[in-house]
Structure formats: structure tokens, C-alpha cells
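*Asks:* This structure is in C-alpha cells; I'll ask about it shortly.
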Amino acid sequence: MKKLFYTVTCCALLAACGNDKSEYDRYYEQGYRDSVATAMENAPPQTKTGATTATNEMTDSAAAPAKPKNEYEEVATALMAKSDCLACHKVEQKIVGPSYAEVSAKYEFNDKNVDYLTNKIIAGGSGVWGQIPMPPHPDLKKEDAQNIARYILSLNKQ
């Protein structure tokens, strides 16, 4: 009788832990990912700037204050400094939560992912990057959370 009970319990456990989609997969349907991937493959290649431009930027940055690396950085870093984001996250270093660079590498920059991360910032959550939960930020305006999400996702484009 015990063997039957253990067998049924193991089967139930395996069924419960089976092929469940992650939270991200449930949110972000495969068809949409495929359409974005196809659009990215068909996009014209980006041109890179020459060494002369990089040299000029280096000499200009020594004389002038540092310019934001992208259009989202200035606003987002100010918002994150006022919030508790920097207690658990850094751009290149994992602290409690993933680094912003890791998040940017995992999710491509598109409206669907901006909405997904905006909701995660406001509602909080756990399980995507480990079992330590990210606290919710219900007082953060949706537009501010979108600016933060856009900045994080833009890090992979640099």
C-alpha cells in the first residue's frame, strides 16, 4: 500500500512540476517573439562610427561633464536614485537582484517588454531571477516605471 501511495505521490509531483511556462513565457507569446525576430533579421545593418569619432568623444568628455549614453539614461537614473532600486541593482554588478545589464541581455527592447518590466517594477515579483522577491513599487507612476524599463532595456543596444 505504501508503494502505491509513493508512486501516486511521485506522479502527481512530476505532473505539477511539468512543462509549465515561465511567467515571462505566459506573458510574452511565442508568435510575437517570432515576428519581432523576423523584423530584426530583415532590418538594415547599423553602421558603426569610426575611430576618429571615438577619439573626439574621449577628448570632449574630459573637458565637459559626462553626457548620457542614451536618451533614457538621465531621466531614469534620477528616478532610480529617488527610489530604492539601487539597493538591489547596479548596472554591471549583481547585488540582490540581477544587474541591469543582465536584464537587458535577457529581454529585447520592444513595447511588449517595456510593458512587462513596467508591470514587474510596479507589482514586484519573484521566481524569474531566483526566489528572493522584488518588492512592489505601487506609488511609482506608470510613466516613471516605463522610463526606467526603457533605460534598462536600452543598455543592450549600446
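*Asks:* Once amide H atoms are placed 1.01 Å from N in the peptide plane, what residues at a sequence separation of 5 or more from residue 91, or on another chain, have their amide H within under 5 Å of its amide H?
*Replies:* So residue 91 has HN proximity to 100.
*Asks:* Determine ³J(HN,Hα), in whole Hz, for all residues of the range 123-139 in sequence, where each value follows from phi through the Karplus function 6.51 cos²θ - 1.76 cosθ + 1.60 and θ = phi - 60°; x replaces Gly and Pro.
*Replies:* Those phi angles translate into 8, x, x, 7, x, 7, 10, x, 8, 6, x, 8, x, x, 10, x, 7 Hz.
*Asks:* Can you tell me the FRET efficiency between residue 82 and residue 126 if r is taken as the Cβ-Cβ distance and R0 is 25 Å, rounded to the nearest 0.05?
*Replies:* Values: r = 24 Å, r/R0 = 0.95.
Approximately 0.55, to the nearest 0.05.
*Asks:* Let me ask you something else. How far, in nm, would the chain grow between residue 94 and residue 139 when pulled straight, counting 0.36 nm per residue and subtracting the alpha carbon separation? Provide the component values of the computation, followed by the final result.
*Replies:* Working: separation 45, 0.36 × 45 = 16.20 nm, distance 2.50 nm.
Taking 0.36 nm per residue and subtracting the Cα distance, the gain is 13.7 nm.
*Asks:* Here is a further query. Please list, ordered by chain and number, the residues whose modelled amide H lies under 5 Å from the amide H of residue 134; skip anything fewer than 5 residues away on the same chain.
*Replies:* Placed amide hydrogens put 125, 126 under 5 Å from residue 134.
*Asks:* So what are the three principal axis dimensions of the range 73-158 from its Cα atoms, in whole Å, longest to shortest?
*Replies:* Ordered largest first, the range 73-158 gives principal extents of 29, 25, 24 Å.
We did not get these values from a lab; they are worked out from the coordinates using the rules stated. Please read these numbers as outputs of a predicted model, since none were measured by experiment. Methodologically, a virtual Cβ is constructed for each residue, glycine included, from the backbone with ideal geometry; neighbour enumeration extends over all protein chains shown.
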